[in-house]
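Would you mind keeping the following structure in view while I ask a few things?
The values are calculated or read from the model by the stated rules, or taken from the named source; none is laboratory data. Here the structure is a predicted model, which is why all the values come from computation and not from measurement. No Cβ is skipped: glycine too gets one built from the backbone with ideal geometry, and neighbour counts run over all protein chains shown. Each accessible area value is taken on the protein alone, full model and side chains, heavy atoms only, with ligands, DNA and RNA left out. Shrake-Rupley method; radii C 1.70, N 1.55, O 1.52, S 1.80 Å.
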Amino acid sequence: MATSFFKKDSTDIITQNLLGHELTYNSPKGIIGGLIVEAEAYMGIEDTAAHSFQGHRSSANEALYAQAGTIYIYSIYGHYMLNVATQKVNEPQGILIRALQPTHRIKIMEQNRQQKGVNLTNGPGKLMAALGINSLELNLCPLQQTPLDISNRRVKCPQKIIAAPRVNVSQGNWHDRPLRFYVANNPYVSGIKKRDCDFQTNGWQ
DNA sequence: ACATGGATTAACT
DNA sequence: GTTAATCCATGTC
């Protein structure tokens, strides 16, 4: 993806615009990936939920301070989380990619994760496991220099985008800001109820 | 964050 | 009444 996709807009707008783009990973087993159906914006030093809150900076979150399009991966409880920096150098904002609707070589992802159906990629740790990424190797790398890529344009357009508070952000002034965005009625959105899913359209136009 | 198992509630024939 | 969906508590790096 071209870095021009980022920077021109605020990170929350970029996050909404990212829904429907296709994330691909040129893995040793083949090209795998899917449509981005859920993501969260982290708005930088003002954002009480951001790793860069109040300018916090360490070797672990250095990627947030890098150029737009830089990959930021961190691990928690043995799971890996995929983020992308969205602004200019020293403007530490980013997007957490939370869920994919698989489109490429689904069987490979099923093997990587030992799961099937919506469970394959309906969470930030699950999608990384499905892709077979289980290290920090790509942290700090610009997207375009890695086997990971995001399509320049939307492959599909959401019928409707829902904005909601971020997952597991319960404290701080920003705890209830609507910075989690997802494709309404898409079955691969984390925590979505079956009764709210549209299995005909998956929420796309 | 995720997987699992058990309890509770909803849906269906 | 049976089956499915949802909710809740626990253990895990």
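When both residues are 6+ apart or on different chains and their Cβ atoms are under 7 Å apart, which pairs have a first residue that lies in the stretch A:164-193 and is among the polar types (S, T, N, Q), and a second that is outside any loop (DSSP other than H, G, I, E, B) and within 12 Å of DNA strand B (Cβ to nearest atom)?
A:Asn185/A:Asp196; A:Ser190/A:Glu38; A:Ser190/A:Arg98; A:Ser190/A:Ala99
Show the residue pairs that are 6+ apart or on different chains and have beta-carbon atoms under 8 Å apart, the first residue being within the stretch A:129-143 and part of a helix (DSSP H, G or I), the second being among the aromatic types (Phe, Trp, Tyr).
Here the result reads A:Ala129/A:Tyr80; A:Leu131/A:Tyr25, each pair linking the stretch A:129-143 to a residue that is among the aromatic types (Phe, Trp, Tyr).
For the structure I just gave you, tell me whether A:Asn152 is open to solvent by 60 Å² or more (accessible area, probe 1.4 Å), in contact with a helix residue (DSSP H, G or I) (Cβ under 9 Å, 6 or more places away or on another chain) and in contact (Cβ under 8 Å) with a residue 60 or more places away in the chain.
Spelling it out, A:Asn152 is indeed open to solvent by 60 Å² or more (accessible area, probe 1.4 Å), in contact with a helix residue (DSSP H, G or I) (Cβ under 9 Å, 6 or more places away or on another chain) and in contact (Cβ under 8 Å) with a residue 60 or more places away in the chain.
Residue by residue, here is whether (1) part of a strand (DSSP E or B); (2) of a type in the set (Asp, Glu); (3) open to solvent by less than 10 Å² (accessible area, probe 1.4 Å) holds:
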{"site": "A:Ser4", "(1), (2), (3)": "no, no, no"}
{"site": "A:Gln16", "(1), (2), (3)": "no, no, no"}
{"site": "A:Tyr25", "(1), (2), (3)": "yes, no, no"}
{"site": "A:Val37", "(1), (2), (3)": "yes, no, yes"}
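On to the next question. Check A:Pro187, A:Pro158 and return the single one that is over 22 Å from A:Ala85 (Cα atoms), within 14 Å of DNA strand C (Cβ to nearest atom) and open to solvent by less than 90 Å² (accessible area, probe 1.4 Å).
A:Pro187
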